[in-house]
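Read the structure below first, then the notes.
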Amino acid sequence: MALRLIVTFKAQSGKGKDFADAFVPLAQITHAEKGCEQYQLFRAADDPDTVVLLERWTSAEDLDAHMKAMQARGGSPTGQFAAGPPTLERYEAD
């Protein structure tokens, strides 16, 4: 069963574009990972400092491998622009 993650970030005031730009290399790496069906960032039209990441993974195992790879890479390049920790919603997708 596929998994969908919706991750919402709040960038520091006026830093939404910087956050999104810093995310690009991470997205390129992740798109090549096994089981990645979607890994796409959006900025809110009414609040460009709110950034949402939509992820879709083929399986829980693929998502787990991605999370381990993220931890192994260390800090995120977006961290310097974040206003706090993200919120994460996890859904099963048919």
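The values are calculated or read from the model by the stated rules, or taken from the named source; none is laboratory data. Nothing here was measured: the structure is a model prediction, and the numbers come from that model. Here Cβ is always computed from backbone atoms with ideal geometry, including for glycine, and neighbour counts include all displayed protein chains.
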query = Cβ-Cβ below 6 Å, separation at least six or inter-chain, first residue in segment 1-19 and modelled with pLDDT under 95, second of a type in the set (S, T, N, Q): which pairs?
reply = 2/58
request  = Among what's in segment 30-43 and is out of contact with any Leu (no Cβ under 8 Å at 6 or more places or on another chain) and touching a residue at least 12 places away in the same chain (Cβ under 8 Å), pick the residue that is farthest from residue 73 (Cα to Cα).
outcome  = 43
query = When you scan segment 56-69, how many residues do you find that are hydrophobic (A, V, I, L, M, F, W, C) and surrounded by fewer than 14 Cβ atoms within 10 Å (Cβ to Cβ)?
reply = 2
message = Within segment 60-94, take every residue that is hydroxyl-bearing (Ser, Thr, Tyr) and at pLDDT below 95 and give me the one that is farthest from residue 16 (Cα to Cα).
response = 76
message = Of everything in segment 39-55, what is surrounded by 15 or more Cβ atoms within 10 Å (Cβ to Cβ) and touching a Lys or Arg at 6+ places or on another chain (Cβ under 9 Å)? Give them in sequence order.
response = 39, 43, 48, 49, 50, 51, 52, 55
ask   = Within segment 41-94, can you find the residues that are among the acidic types (Asp, Glu) and either over 17 Å from residue 10 (Cβ atoms) or more than 14 Å from the chain's Cα centre (by Cα) (or both)?
value = 46, 47, 49, 55, 61, 62, 64, 92, 94
